[in-house]
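Quick notes on the structure that follows.
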Amino acid sequence: MFLTCSIIMLPKKHLSGCEKRNNKKRVDKLIKSQEGAMDMFVLRTGAATNSEQLYITNGEEKPDDTKNAVEENHVEKNNAAENDADQHTENFSDHENLGNADEQGSSFDIYDPRTWNILDNKSRDILIEKGPIREYNLVFPEDEISGRHFSYDYYTRKLRNGEFSDRRWLVYSKHVNKVYCFCCKLFKSDGNKILLASEGLSDWQHLSQRLKLHENSIEHITNMNTWNEVRLRLSKNVTIDKDLQQEIAKEKERWRQVLIRIVAAVKFLAKHNLAFRGSNEKLYQVSNGNFLGVIEMMAEFDPVMQEHLRRIKNSEIHHHYLGHNIQNELISLLGRTVKYSLLRIIKDARYFSVILDCTPDVSHQEQMTLIVRCVNMSSTTTKIEEFFLEFLKVDDTSGLGLYNVLIDSLKSVGLDVKDVRGQGYDNGSNMKGKNQGVQGRVLATNPRALYMSCACHSLNVSLSGMAKSCGKAITFFGVVQRIYILFSSSTKRWQLLLDHVPKMTVKSLCNTRWESQIKSVHAIRYQAHELRKALLELKRTSTDDAKTKSDAKSLASALEKFEFLLGMVIWHDILFTVNMVSKKLQSKFVCIDVTLKQIEGAISYFKKYRNDGFATSLDIARSIAIDMGVQPLFPVKRRITRKRQFDDFSGNDENKQNEETQASEVVSFRF
């Protein structure tokens with residue numbers, strides 16, 4: 001009989017050493033992975049120090065998000081500066097205005113993933129709330145080895161059912177030409193060595209496979225959930241530092257209201273073309289400029305600006321955003337916004353005309369104005385409008401130089417010269433030249449860009465040439481200008497003029513717009529008699545000033561000449577007709593058929609005036625001369641006489657000869 005013994009193995013009372021070591025590794029790994037998890041919910045006291053070095057660039061693709069980010073950054077800087085009680089900010093110097101904003105913006109961008117390793121908690125909160133920002137219309141550089149580059153197609157993922165899902169977590173850095181994972185970069189654990197969460201990935205040849213593997217990994221899913229949870233908590237303000245977040249939100253809103261009022265002051269001064277700064281930049285001091293004056297006036301009625309200026313005076317804040325650098329930056333931002341809105345209207349219309357004109361500025365630098373004329377379809381009422389875009393610096397005023405400046409400026413604002421349908425310049429050869437001028441060069445590039453000379457400029461040039469070709473006209477306008485200079489050079493003389501000529505005062509001549517000479521001639525045409533009395537009175541009272549006495553006598557003698565009175569009547573009629581047509585051509589809304597009728601009417605008027613107008617003007621001049629007590633006769637040139645006998649001619653023959661002489665003088669004046 002055999003006995004069978006079965007051995008039963010009892011369970012171990014203690015774990016083996018290997019199992020203990022493995023459990024310890026798992027616990028250590030879990031503890032290590034949780035390091036820094038509280039940073040998502042708690043703000044450290046040293047966070048403001050890092051944020052003082054933070055500058056958020058103002059991107060063009062997402063202006064709203066960037067604007068909010070800048071405001072967040074301003075609030076953080078303000079909080080950091082409140083601890084510095086020894087700083088005095090009444091003198092607004094450059095250091096408070098982020099004077100090197102361009103340099104800071106180019107070296108540190110909060111939305112660039114390569115800088116996320118040094119972000120503080122506040123900056124992380126901004127990124128979590130706003131999310132990643134994508135820049136479009138970028139040109140991606142090719143890899144030297146594989147010849148491949150990043151594409152916008154990687155931002156989307158095609159699912160098995162044919163639908164497309166947006167990879168919102170994928171971020172591209174144009175500075176290092178690499179892609180990153182947004183959530184893994186911000187919430188990665190120390191043991192995570194994935195390139196998308198650390199140094200970035202630039203393997204374009206295998207990027208699709210690497211992205212698929214990454215988005216299906218456990219750590220990426222965990223970080224995505226963390227990102228969504230923290231973003232939801234921040235949006236609902238249910239984080240651990242809820243009270244602190246509420247204070248930050250209040251401070252952010254206060255700064256937003258301050259900036260709104262500062263921008264309003266800048267808009268007001270820029271709109272009315274007023275100077276911003278004075279001789280100093282201190283609040284509540286004399287000659288501190290219009291900008292600070294407007295801010296001080298706001299503080300008298302607005303509690304927000306009153307509180308802001310109180311903090312500045314008490315040195316509670318350091319960055320007040322009232323200095324000249326901030327003013328210049330806001331002016332540039334507003335000007336750029338206006339320019340972009342105008343370009344949007346022009347691009348919507350697609351086809352446009354260009355109008356150019358050159359003039360030297362105060363610094364004797366030649367500059368050219370670029371004006372675009374197009375159909376504005378942005379509103380319910382479609383209308384044709386002209387928009388001033390910019391001043392262009394010109395070094396070469398030849399046709400080729402101006403053409404190159406025009407083409408470069410159109411390219412810089414995103415306009416195509418092929419869409420130009422009209423050109424409008426002055427009558428300069430460098431502008432309107434068919435071969436070497438801007439007109440000819442633009443037509444060679446775009447045959448549909450038809451040239452139309454400026455009608456007002458052509459009318460002005462013809463009138464100016466007509467006046468300068470006649471010696472009597474030159475003398476006439478010289479007398480008109482001398483009358484104005486004589487009375488305007490002294491307040492006493494001007495008062496004497498007002499005593500005798502109460503209705504219309506004399507005006508100076510305009511060298512550029514000849515049709516505006518009507519204002520100068522009009523004052524003399526209907527007040528010649530009163531003006532002559534004023535000159536005679538000035539001659540009588542100017543006993544101590546020989547030059548004034550001589551000038552008054554000379555001008556009074558000129559007004560007494562019938563030749564001057566007739567020229568005054570003729571030039572008044574000519575300038576009045578031309579001025580009516582010129583005003584019509586320069587009106588804001590010009591109708592072609594009405595304007596053509598106006599021009600044709602002016603042409604027919606001058607044709608009729610050539611035949612019948614001289615006789616009418618002669619009669620009007622005679623009546624004016626009689627009222628002034630002046631003999632209505634032309635000056636007769638001295639005749640050569642010889643000794644005659646008593647019976648050589650009769651008195652009737654002498655009168656007849658005088659009439660013939662007057663007739664010849666009339667013909668001489670007319671031609």
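Within the range 492-544, how many residues are of a type in the set (A, V, I, L, M, F, W, C), closer than 19 Å to ALA558 by Cα and outside any helix (DSSP H, G or I)?
3
Looking at LEU459, is it modelled with pLDDT of 90 or more and buried (at least 18 other Cβ atoms within 10 Å of the Cβ)?
In short, no.
Of VAL521, VAL501, VAL480, VAL506, which residue is in contact with a His (Cβ under 6 Å, 6 or more places away or on another chain), farther than 30 Å from VAL420 by Cα and of a type in the set (Val, Ile, Thr)? Please lay out each step first, then the result.
Values: VAL501 fails: in contact with a His (Cβ under 6 Å, 6 or more places away or on another chain); VAL480 fails: in contact with a His (Cβ under 6 Å, 6 or more places away or on another chain); VAL506 fails: in contact with a His (Cβ under 6 Å, 6 or more places away or on another chain).
Going through VAL521, VAL501, VAL480, VAL506 in turn, the sole match is VAL521.
If you go through the range 428-440 one residue at a time, how many are assigned to a helix (DSSP H, G or I) and either open to solvent by 60 Å² or more (accessible area, probe 1.4 Å) or modelled with pLDDT of 90 or more (or both)? Walk me through it before giving the result.
First pass over the range 428-440, keeping only residues assigned to a helix (DSSP H, G or I): 429-432, 438-440.
Retained after the next criterion (residues that are either open to solvent by 60 Å² or more (accessible area, probe 1.4 Å) or modelled with pLDDT of 90 or more (or both)): 429, 432.
Residues in the range 428-440 being assigned to a helix (DSSP H, G or I) and either open to solvent by 60 Å² or more (accessible area, probe 1.4 Å) or modelled with pLDDT of 90 or more (or both): 2 in total.
Restricted to the range 158-169, and to residues that are of a type outside the set (Asp, Glu) and closer than 20 Å to GLU135 by Cβ, which residue is surrounded by the fewest Cβ atoms within 10 Å (Cβ to Cβ)? Steps first, answer last, please.
Step one: list which residues in the range 158-169 are of a type outside the set (Asp, Glu), which gives 158-162, 164-165, 167-169.
Applying the additional criterion that residues be closer than 20 Å to GLU135 by Cβ yields 167-169.
On the way: ARG167: 17, ARG168: 14, TRP169: 22.
Filtering the range 158-169 for residues that are of a type outside the set (Asp, Glu) and closer than 20 Å to GLU135 by Cβ, the one surrounded by the fewest Cβ atoms within 10 Å (Cβ to Cβ) comes out as ARG168.
Could you check the range 123-176 and list, in sequence order, the residues that are in a strand (DSSP E or B) and touching a residue at least 12 places away in the same chain (Cβ under 8 Å)?
Matches in the range 123-176: ARG157, LEU170, VAL171, TYR172, SER173.
Given the criterion within 20 Å of ILE626 (Cα to Cα), modelled with pLDDT under 90 and acidic (Asp, Glu), identify the matching residue among GLU530, GLU515, GLU537.
GLU530
Which residues, counting only those in the range 335-385, are more than 19 Å from the chain's Cα centre (by Cα), among the basic types (Lys, Arg) and outside any strand (DSSP E or B)?
The answer is ARG350, and nothing else.
Residue under question is LYS553, and the condition is that it be basic (Lys, Arg) and either surrounded by 17 or more Cβ atoms within 10 Å (Cβ to Cβ) or touching a helix residue (DSSP H, G or I) at 6+ places or on another chain (Cβ under 6 Å) (or both); does it hold?
Values: basic (Lys, Arg): yes; either surrounded by 17 or more Cβ atoms within 10 Å (Cβ to Cβ) or touching a helix residue (DSSP H, G or I) at 6+ places or on another chain (Cβ under 6 Å) (or both): yes.
Judged against the criteria, LYS553 is a match.
Residues being surrounded by fewer than 16 Cβ atoms within 10 Å (Cβ to Cβ) and touching a Phe, Trp or Tyr at 6+ places or on another chain (Cβ under 8 Å): count how many of those fall in the range 441-452.
The total comes to 0.
Going residue by residue through the range 404-427, is there one that turns out to be more than 24 Å from the chain's Cα centre (by Cα), in a loop (DSSP other than H, G, I, E, B) and surrounded by 13 or more Cβ atoms within 10 Å (Cβ to Cβ)?
Taking every residue of the range 404-427 in turn, at least one turns out to be more than 24 Å from the chain's Cα centre (by Cα), in a loop (DSSP other than H, G, I, E, B) and surrounded by 13 or more Cβ atoms within 10 Å (Cβ to Cβ).
Is it true that LYS503 is closer than 30 Å to ILE620 by Cα and of a type in the set (D, E, K, R)?
yes
So which pairs qualify, if the first residue must be in the range 337-365 and closer than 17 Å to LYS411 by Cα and open to solvent by 90 Å² or more (accessible area, probe 1.4 Å), the second must be modelled with pLDDT of 90 or more and part of a helix (DSSP H, G or I), the Cβ gap must be under 6 Å, and the two must be at least 6 apart or on different chains?
ARG350/ASP419; TYR351/ASP419
(1) surrounded by 15 or more Cβ atoms within 10 Å (Cβ to Cβ); (2) in contact (Cβ under 8 Å) with a residue 40 or more places away in the chain; (3) assigned to a helix (DSSP H, G or I): which one isn't true of LYS267, the others all being true?
Among (1) surrounded by 15 or more Cβ atoms within 10 Å (Cβ to Cβ); (2) in contact (Cβ under 8 Å) with a residue 40 or more places away in the chain; (3) assigned to a helix (DSSP H, G or I), LYS267 violates only (1).
Any residue in the range 613-623 that is β-branched (Val, Ile, Thr), open to solvent by less than 90 Å² (accessible area, probe 1.4 Å), in a helix (DSSP H, G or I) and at pLDDT below 65? Step through it out loud before you land on a result.
In the first step, residues of the range 613-623 are kept if they are β-branched (Val, Ile, Thr); the result is 616, 620.
Filter again for open to solvent by less than 90 Å² (accessible area, probe 1.4 Å), leaving 616, 620.
Checking the rest, the ones that are also in a helix (DSSP H, G or I) come to 616, 620.
Restricting the remaining residues to those that are at pLDDT below 65 gives none.
Scanning the range 613-623, I find no residue that is β-branched (Val, Ile, Thr), open to solvent by less than 90 Å² (accessible area, probe 1.4 Å), in a helix (DSSP H, G or I) and at pLDDT below 65, so the answer is no.
I need the full set of residues from the range 170-198 which are charged (D, E, K, R), at pLDDT 85 or above and surrounded by fewer than 17 Cβ atoms within 10 Å (Cβ to Cβ), in order please.
Once the filter is applied, which keeps residues that are charged (D, E, K, R), at pLDDT 85 or above and surrounded by fewer than 17 Cβ atoms within 10 Å (Cβ to Cβ), the range 170-198 yields only LYS174.
Conditions: (1) in a loop (DSSP other than H, G, I, E, B); (2) touching a strand residue (DSSP E or B) at 6+ places or on another chain (Cβ under 9 Å); (3) modelled with pLDDT of 80 or more. PRO447 meets all but one. Number of the miss?
Evaluating PRO447 over (1) in a loop (DSSP other than H, G, I, E, B); (2) touching a strand residue (DSSP E or B) at 6+ places or on another chain (Cβ under 9 Å); (3) modelled with pLDDT of 80 or more leaves (2) as the failure.
Out of the residues in the range 164-196 meeting the condition of being within 17 Å of TYR154 (Cα to Cα) and among the aliphatic types (A, V, I, L, M), tell me which one is nearest to the chain's Cα centre (by Cα).
VAL171
Just to check your reading of the model, which residue among THR543, THR577, THR548 is of a type in the set (Val, Ile, Thr) and open to solvent by 70 Å² or more (accessible area, probe 1.4 Å)?
THR543
Go through the range 123-156 and count every residue that is open to solvent by 80 Å² or more (accessible area, probe 1.4 Å) and more than 34 Å from the chain's Cα centre (by Cα).
5
From the residues in the range 101-122 that are at pLDDT below 80, assigned to a helix (DSSP H, G or I) and surrounded by 16 or more Cβ atoms within 10 Å (Cβ to Cβ), which one is farthest from the chain's Cα centre (by Cα)?
Per the criteria, the residue is ASN121.
Name the single residue that is surrounded by the fewest Cβ atoms within 10 Å (Cβ to Cβ) among those in the range 234-247 being touching a residue at least 12 places away in the same chain (Cβ under 8 Å) and out of contact with any Lys or Arg (no Cβ under 8 Å at 6 or more places or on another chain). Walk me through it before giving the result.
Step one: of the range 234-247, the residues touching a residue at least 12 places away in the same chain (Cβ under 8 Å) are 234-235, 237, 239-241, 244.
Narrowing the set further to residues that are out of contact with any Lys or Arg (no Cβ under 8 Å at 6 or more places or on another chain) leaves 234-235, 237, 240-241, 244.
On the way: LEU234: 17, SER235: 10, ASN237: 12, ILE240: 13, ASP241: 15, LEU244: 12.
Only one residue tops the list, namely SER235.
May I ask you to list the residues in the range 294-317 that are among the hydrophobic types (A, V, I, L, M, F, W, C) and either in contact (Cβ under 8 Å) with a residue 60 or more places away in the chain or open to solvent by less than 70 Å² (accessible area, probe 1.4 Å) (or both)?
VAL294, ILE295, MET298, ALA299, VAL304, MET305, LEU309, ILE312, ILE317
All but one of (1) modelled with pLDDT of 85 or more; (2) touching an Asp or Glu at 6+ places or on another chain (Cβ under 7 Å); (3) of a type outside the set (Ser, Thr, Tyr); (4) under 30 Å from ASP190 (Cβ atoms) hold for ARG148; state the number of the condition that does not hold.
(4)
Quick one: in the range 462-503, of everything that is modelled with pLDDT of 80 or more and hydroxyl-bearing (Ser, Thr, Tyr), which residue is least open to solvent (accessible area, probe 1.4 Å)?
Only one residue fits best here, namely SER490.
Could you say whether any residue in the range 527-538 is within 44 Å of the chain's Cα centre (by Cα) and of a type in the set (S, T, N, Q)?
Taking every residue of the range 527-538 in turn, none turns out to be within 44 Å of the chain's Cα centre (by Cα) and of a type in the set (S, T, N, Q).
For the range 199-233, which positions are more than 47 Å from the chain's Cα centre (by Cα), open to solvent by 30 Å² or more (accessible area, probe 1.4 Å) and not polar (S, T, N, Q)?
HIS206, ARG210, LYS212, LEU213, ILE218, GLU219, ILE221, listed by residue number.
The values are calculated or read from the model by the stated rules, or taken from the named source; none is laboratory data. The structure displayed is predicted, hence computed values, not measured ones. So basically every Cβ, Gly included, is an ideal-geometry build from the backbone, and we count neighbours across all protein chains shown. These accessible areas exclude ligands, DNA and RNA; they are computed on the full protein's heavy atoms, side chains included. Shrake-Rupley method; radii C 1.70, N 1.55, O 1.52, S 1.80 Å.
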